[in-house]
Ligand code: ZN
């Protein structure tokens with residue numbers, strides 16, 4: 001299988017079966033994030049336990065890149081301290097803007113989003129859920 005096809009498969013898998021996706025009770029919605037240039041809309045809820053991210057859930061509508069990235073983000077954040085989670089989000093945003101390299105071995109499924117860097121208008125699609133997570137941590141006082 002070609003590398004491009006592999007990445008395409010990973011992306012579509014997260015888009016079709018987003019992890020940690022589902023209805024959120026209104027009381028749990030922490031962040032409502034819009035990406036008007038593409039029409040993406042994500043709502044996010046997060047819960048901390050013992051000083052670590054215990055759960056991240058989201059719902060909403062958006063393009064394949066936005067939902068796949070949110071799905072990957074929701075998996076990667078679990079178990080991190082708020083400080084680690086913020087660092088991870090900042091690193092990913094810098095990576096998507098082409099300002100920072102990340103060791104390909106540590107990218108995991110995120111490698112499937114690397115190609116998006118060639119399309120500046122779509123970068124926000126990939127990073128919006130990560131910004132939403134940073135805002136959620138802020139609202140949780142973490
Ligand atoms: Zn989008």
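Descriptive notes on the structure:
- Three-way shape call for segment 47-96 based on the alpha-carbon gyration tensor, with the a/c threshold at 1.5: oblate
- Listing 109, 103 from fewest to most neighbouring C-beta atoms within 10 Å gives 103, 109.
- DSSP-defined antiparallel bridges as percent of all bridges, the chain, nearest 5: 95 percent
- Between the C-alpha center of segment 67-99 and that of segment 40-56 there is a gap of 12 Å.
- Scattering profile of segment 91-142 at q = 0.19, 0.23, 0.25 Å⁻¹ [log10 I(q)/I(0), Debye over alpha-carbon scatterers]: -0.67, -0.87, -0.96
- Angle between the chain longest axis and helix 82-96 axis [Cα atoms, degrees, rounded to 10]: 30 degrees
- With both labels modelled 7 Å from their Cα along Cα-to-Cβ, the residue 81 to residue 114 distance reads 3.0 nm.
- For the chain, the 222 nm mean residue ellipticity estimated from helices alone, with every DSSP H stretch of n ≥ 4 adding -39500 (n - 2.57) and the total spread over all residues, rounds to -15000 deg cm²/dmol.
- Compactness index (Cα Rg / 2.2 N^0.38 Å), the chain: 0.98
- Seen against the Cα atoms of the chain and their longest principal axis, helix 3-16 is set at about 30 degrees.
- By other beta-carbon atoms within 10 Å, ranking 129, 66 with the fewest at the front produces 66, 129.
- Paramagnetic reach from residue 140 in segment 58-79 [backbone N under 17 Å; point 7 Å along Cα→Cβ]: 58-59, 70-79
- C-alpha long axis of helix 120-139 to longest principal axis of the chain, angle in °: 20 degrees
- Least to most buried among 95, 58, 119 (fewest other Cβ within 10 Å first): 119, 95, 58
- Backbone N under 16 Å from the residue 6 label point (7 Å along Cα→Cβ), restricted to segment 91-116: 103-115
- Gaussian network model of the chain, springs between alpha carbon atoms under 10 Å - residue of 20, 35, 50 with greatest fluctuation: 50
Since every read-out is calculated from the coordinates, none of them should be taken as a lab result. Keep in mind it's a predicted model, so treat the numbers as computed, not measured. Quick reminder, even Gly has a Cβ in these numbers, built from the backbone with ideal geometry, and neighbours come from all protein chains shown.
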